[in-house]
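What follows is a single structure, written as structure tokens, with notes after it.
The values are calculated or read from the model by the stated rules, or taken from the named source; none is laboratory data. The structure presented is a predicted model; accordingly, all values stated were derived computationally and were not measured. When we count neighbours, we look across all protein chains shown, and the Cβ atoms used for this are built from the backbone with ideal geometry, even at glycine. For the accessible areas, the whole protein counts, side chains as well, though only heavy atoms, and no ligand, DNA or RNA atoms are used. Shrake-Rupley method; radii C 1.70, N 1.55, O 1.52, S 1.80 Å.
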Amino acid sequence: MSHQPIKTIVVDDEPLARKGLKARLERHADIEIVAECQNGLDAVSMISQHRPDLVFLDIQMPGLNGFQVIHKLRELNQPIPMIIFVTAYDSYAIKAFDVHALDYLLKPADDERLAAALEKVREYFTTQNQDEQSRKLVTLVAELTGDDCEEILRKLASGEVIETNPYPDVLAIKDGSEVTRVAVQDIQWIDAAGDYMCVHALDGMHIMRKTMKELEQELNPQWFVRVHRSAIANIRFVKKLVSHISGEYHLILQNDTELKVSRSHRDKVKAAMRM
């Protein structure tokens, strides 16, 4: 392996971060960048397609975060490449990853830290200890919940027991350098505005960059139901379902917001109302 290029994929939702890391990696002759990805869903697809040796994987991303990417690869029975996590969460990440003996880069990555990480990569392949590294990685993510990434890292660093839960209790909504934590139980409804989602919660409206399909998969279907091509409602905040003479149906929320129910989602909404 030491005489062959190390096939590498860079995954980060921030274009400048990807560009900077790629530029640094290109200074290393044995690193071959075969793809770059801007979100977790693309990462799963590209990793499955290219079967890279190494992935620089951002943790906080739209769609699927870095931990969920690994979960998805396992579900698809795809081989797990060597992972170097990339994170801005310096307060917990260092301890969390040191405890699990996995490598990481803090943003923005500097040349010296990157060089040290790549030396570990070369040793990883030279000593043929991939199985051990994969075991450590699987141990890290096996029981992760839908919590936001900073909460996961905090729990890993403090040694807390992490209970399995496929749906998040909190949505971490990124706005530039800030992340707002919105309790899922407080979300009343969500509607689309172009490439963005408007999350209407008890404390006000929050804007996040995700697709409606991604959010629908992330939220617990016991409470969140798609009512229209561009709207999801939290059944706990629905006051009534109203039918009109025209044959159309509308949901009336407790705050009197009215959401149109499309024909294709009508039966699912009715079933949810009976739960």
Condition first: in contact (Cβ under 8 Å) with a residue 40 or more places away in the chain and closer than 25 Å to residue 59 by Cα. Can you find one or more residues in the stretch 264-271 that meet it? no
Considering only the stretch 198-207, state which residues are among the aliphatic types (A, V, I, L, M), in contact with an Asp or Glu (Cβ under 8 Å, 6 or more places away or on another chain) and open to solvent by less than 30 Å² (accessible area, probe 1.4 Å). 201
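Condition check ((1) in the same structural domain as residue 60 (by the TED database); (2) touching a helix residue (DSSP H, G or I) at 6+ places or on another chain (Cβ under 9 Å); (3) of a type in the set (A, V, I, L, M)) across all residues:
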site	(1), (2), (3)
187	no, yes, yes
208	no, yes, yes
215	no, no, yes
223	no, yes, no
232	no, yes, yes
237	no, no, no
260	no, no, no
Restricting to the stretch 173-195, and then to whatever is out of contact with any Asp or Glu (no Cβ under 9 Å at 6 or more places or on another chain) and of a type in the set (Gly, Ala, Ser), can you tell me which residue is most open to solvent (accessible area, probe 1.4 Å)? 177
For the stretch 1-86, please list each of the strands (runs of 3 or more DSSP E) lying entirely inside it that holds at least 3 residues being farther than 22 Å from residue 208 by Cα, modelled with pLDDT under 90 and open to solvent by less than 20 Å² (accessible area, probe 1.4 Å). none
Scan of the stretch 29-76 for residues that are among the β-branched types (Val, Ile, Thr) and more than 20 Å from residue 173 (Cα to Cα), ordered by number: 31, 33, 34, 44, 47, 55, 70
